[in-house]
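Computed from the coordinates by the stated procedures, all read-outs in this text should not be read as laboratory data. Computed from a predicted model, the values in this text were never measured in an experiment. Virtual Cβ from ideal backbone geometry, glycine too; neighbours counted across all protein chains shown.
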Amino acid sequence: MALHVHPTISSLKAYSPGKPIVELERELGIREAIKLASNENPWGPSPKALQVLEHASASLHRYPDGGAHDLRQALANKWQVPNEQILVGNGSDEIISLLIKTFLAPGDEAVMADLTFVMYRLSVLGGHGVPVEVPLKNWTHDLSAMIDAVTDRTRLFFICNPNNPTGTMLTGQEIESVLARLPNHVIVVCDEAYYEYVRDAAYPDSVRYVRDGRPVVVLRTFSKIYGLAGLRVGYGITTTEIAGFVNRVRPPFNVNSLAQEAARAALLDDEHVAKSRAMNEAEMAFVEEGLTAMGFTTIPSQANFIYFDVGMDGVAVYEALLRQGVIVRHIRGSMIRVTIGQPTENRRFLEALKHVLPTLSQPAQV
């Protein structure tokens with residue numbers, strides 16, 4: 001069969017998620033593998049979310065609320081904005097794709113860092129746009145260079161904050177400087193998937209920019225600290241005008257009924273969020289100390305993962321850890337990203353890393 005595929009799509013490499021535990025165990029014939037690769041909450045979902053699922057499952061023969069009214073209203077109440085300024089999606093990934101579909105014509109540009117959430121680039125290329133990738137500076141967004149990269153064809157300006165995979169953070173003052181310098185035709189997308197993990201008081205109040213009527217979209221997710229990654233639900237807070245255009249291309253029933261109910265319940269579980277944040281902070285300090293003791297350099301993180309330099313071929317380290325039943329994420333060259341897990345998982349990761357290092361002496365592959 002001779003398929004006619006757009007050349008941009010045919011040249012793309014599909015997104016590769018972290019290797020599933022069951023796949024690793026099947027491939028290597030091992031048991032009790034642990035996954036520290038996808039920045040999930042190791043403490044699981046909110047108990048309040050779990051409680052509503054059994055009741056919600058009784059109506060699975062019905063389509064969900066296509067407008068997710070109750071979830072949007074709960075989010076609107078939490079963030080003190082009108083509910084028409086709330087977008088919901090099948091993960092925040094879908095909202096990213098919808099923004100691209102709405103605002104990028106073929107050949108239009110989206111500015112982003114060159115080392116950030118990979119779905120920005122893939123989604124822009126999939127929408128026949130042009131990703132303009134600007135190198136990081138000191139492992140964080142080089143905002144001045146990113147602004148200099150803006151042209152008359154720039155439509156979207158992606159800021160992942162904290163940044164994935166580096167964990168670095170931009171301050172409110174830095175975001176303000178971006179908004180002050182960008183032309184009005186550019187929409188700033190503040191992707192704050194790890195918002196709830198941030199400890200630095202200088203972190204921006206990005207929702208305030210939306211309340212001020214600026215062309216900003218703030219993305220958040222229930223896949224991280226709320227522990228609902230398997231249900232796929234994310235949301236955006238933006239202006240009424242931007243939301244109205246995006247909703248014209250949003251598929252009907254894009255967020256399933258279980259996800260809507262569980263997310264609404266999880267949103268009210270402040271205790272689960274606080275516990276998850278506190279445990280993440282304590283365990284991150286433990287993992288950082290362990291890595292430092294082994295001589296590794298870690299990038300200070302405001303998220304629930306650590307990005308560090310193994311000083312040798314990162315693929316070799318990743319594969320050696322797999323054989324120990326520990327799944328992390330190799331990013332590029334000598335850099336590895338490890339999610340903060342439960343105490344037993346973090347200790348096992350450090351022990352496995354210490355065990356495999358003497359067997360590896362390959363130089364890093366850039």
Here the relative contact order (percent) of the chain, from C-alpha pairs under 8 Å and at least 6 apart, is 23
Calculated from DSSP helices alone, with each H run of at least 4 adding -39500 (n - 2.57) and the total divided by the residues of the chain, [θ]222 nm to the nearest 500 comes to -11500 deg cm²/dmol
Once Lys and Arg are counted +1 and Asp and Glu -1 for all other residues with Cβ under 15 Å from that of A49, the total becomes -3
Subtracting the Cα-Cα distance from 0.36 nm times the residue separation, let me have the gained length for V22 to A201 in nm, one decimal. 60.5 nm
From the C-alpha gyration tensor of the chain, square roots of 5λ in Å: 32, 26, 21
Taking K and R as +1 and D and E as -1, what net charge do the other residues with C-beta under 12 Å from the C-beta of I336 add up to? 0
Bin width 10 Å, origin at 0, all Cα-Cα pairs of the range 107-266: what percent of pairs per bin? 10, 38, 39, 13, 1
Mind listing the Cα extents of the range 260-366 along all three principal axes, in Å, largest one first? 49, 28, 24
For the range 139-185 and the range 332-362, what is the separation of their Cα centres, given in Å? 32
Applying 1/(1 + (r/R0)^6) with R0 = 35 Å to the Cβ-Cβ distance of N247 and A58, what FRET efficiency is obtained, to the nearest 0.05? 0.75
Nearest 5 percent is fine: what portion of the DSSP beta bridges confined to the chain is antiparallel? 50
Length gained, N184-I30, 0.36 nm per residue minus C-alpha separation, equals 49.9 nm
